[in-house]
């Protein structure tokens, strides 16, 4: 690894997506190939390529098959039927994930709840400026015990969803920076390392990264998660300023910075974000 290559903390399986993970089986593409696997008839995409065996996977595009040019369709579908148990199980897992993500999808409107720092935040709109200043957003603690705090946004009465989303995300990014910076300074001081710059990232492939120049990138969407999870990601990246790898020495540094880091690490692996 070169000195400029960043160490990256991946998003695991919780990467936000704009499109469903799996095309609904009930609505296959017209004219496309299908295979009968017991009680299910699944569409699939076939790619001919220079390889010696038949390979297949299930992902955002559904069931994808890669096969040598000389293998017949009947032989390909025979292999798929042989592996039908695995294929159907993975297909159903993807369908459940789509349902879970859809349940998390935010309806951009007044009164909607949004994940925030491990809890919830209620969205509110007003076309009146905040007192004594022309603020686009203001924070208000809940009036009743047990109620979530409220984020008041200066929006027109008939604001479009895109206006809601842009205003909320702009505020979340500002709040993310204000939350990340002192925690980054805390862990850097503990390890006696220098952070040259904090960058907010919106990359869908990782939660954070660090390079040998002391630049740390953190995904602003971490602000949805609990402070403990955020601390784990920050401690992870700060430790990379000493160890640009994932060796035992690196994990010992993480443990020194954040004893019991295994729990928030496991929480992050299980985490799901609402689709953007």
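The values are calculated or read from the model by the stated rules, or taken from the named source; none is laboratory data. Given the structure is predicted, the values throughout are model-derived calculations rather than measurements. Don't worry about glycine lacking a Cβ; one is built from the backbone with ideal geometry, like all the others, and counts go over all protein chains shown.
Can we say residue 233 is at negative phi, in contact with a strand residue (DSSP E or B) (Cβ under 7 Å, 6 or more places away or on another chain), modelled with pLDDT of 95 or more and assigned to a helix (DSSP H, G or I)? Yes, satisfied.
There is at least one residue in the range 209-225 that is at positive phi and touching a strand residue (DSSP E or B) at 6+ places or on another chain (Cβ under 8 Å). In the range 254-261 there is at least one residue that is under 21 Å from the mean Cα position of the chain (by Cα), under 18 Å from residue 184 (Cα atoms), modelled with pLDDT of 95 or more and surrounded by 18 or more Cβ atoms within 10 Å (Cβ to Cβ).
Here residue 217 passes the criteria (1) under 13 Å from residue 258 (Cα atoms); (2) in a strand (DSSP E or B) except the one numbered (1).
So for the range 166-174 (the condition being in contact with a strand residue (DSSP E or B) (Cβ under 6 Å, 6 or more places away or on another chain), part of a loop (DSSP other than H, G, I, E, B) and surrounded by 13 or more Cβ atoms within 10 Å (Cβ to Cβ)), does at least one residue qualify? The answer is no, given that none of the residues of the range 166-174 is in contact with a strand residue (DSSP E or B) (Cβ under 6 Å, 6 or more places away or on another chain), part of a loop (DSSP other than H, G, I, E, B) and surrounded by 13 or more Cβ atoms within 10 Å (Cβ to Cβ). Quick check on the range 136-149. Is at least one of its residues outside the structural domain of residue 168 (by TED's automatic domain parsing), modelled with pLDDT under 90, surrounded by 15 or more Cβ atoms within 10 Å (Cβ to Cβ) and outside any loop (DSSP other than H, G, I, E, B)? No; the residues of the range 136-149 include none that is outside the structural domain of residue 168 (by TED's automatic domain parsing), modelled with pLDDT under 90, surrounded by 15 or more Cβ atoms within 10 Å (Cβ to Cβ) and outside any loop (DSSP other than H, G, I, E, B). Annotation note: Cβ proximity below 8 Å between a residue of the range 226-250 that is not assigned by TED's automatic domain parsing to the domain that holds residue 180 and a residue that is part of a loop (DSSP other than H, G, I, E, B) and modelled with pLDDT of 95 or more (sequence gap 6+ or interchain) occurs for no pair. Any chance you could count how many residues in the range 170-202 are touching a residue at least 40 places away in the same chain (Cβ under 8 Å) and within 17 Å of the chain's Cα centre (by Cα)? Looking only at that region, the number is 3. In the range 63-79, which residues are part of a strand (DSSP E or B) and either out of contact with any helix residue (DSSP H, G or I) (no Cβ under 8 Å at 6 or more places or on another chain) or farther than 17 Å from residue 34 by Cβ (or both)? Within the range 63-79, 64, 66 meet the criteria. When restricted to residues that are assigned to a strand (DSSP E or B) and touching a residue at least 40 places away in the same chain (Cβ under 8 Å), the range 39-62 contains 3.
Taken as a whole, the range 9-25 holds no residue that is at pLDDT 75 or above and outside any loop (DSSP other than H, G, I, E, B). Scan the range 185-203 and give yes if some residue there is touching a strand residue (DSSP E or B) at 6+ places or on another chain (Cβ under 8 Å), under 27 Å from residue 99 (Cα atoms), at pLDDT below 95 and surrounded by fewer than 14 Cβ atoms within 10 Å (Cβ to Cβ), otherwise no. Yes - at least one qualifying residue is present in the range 185-203.
Going residue by residue through the range 28-36, is there one that turns out to be at pLDDT 90 or above and either surrounded by fewer than 17 Cβ atoms within 10 Å (Cβ to Cβ) or over 30 Å from residue 162 (Cβ atoms) (or both)? Taking every residue of the range 28-36 in turn, none turns out to be at pLDDT 90 or above and either surrounded by fewer than 17 Cβ atoms within 10 Å (Cβ to Cβ) or over 30 Å from residue 162 (Cβ atoms) (or both).
Scanning the range 155-165 for residues that are surrounded by 14 or more Cβ atoms within 10 Å (Cβ to Cβ) and not in a helix (DSSP H, G or I) yields 155, 159.
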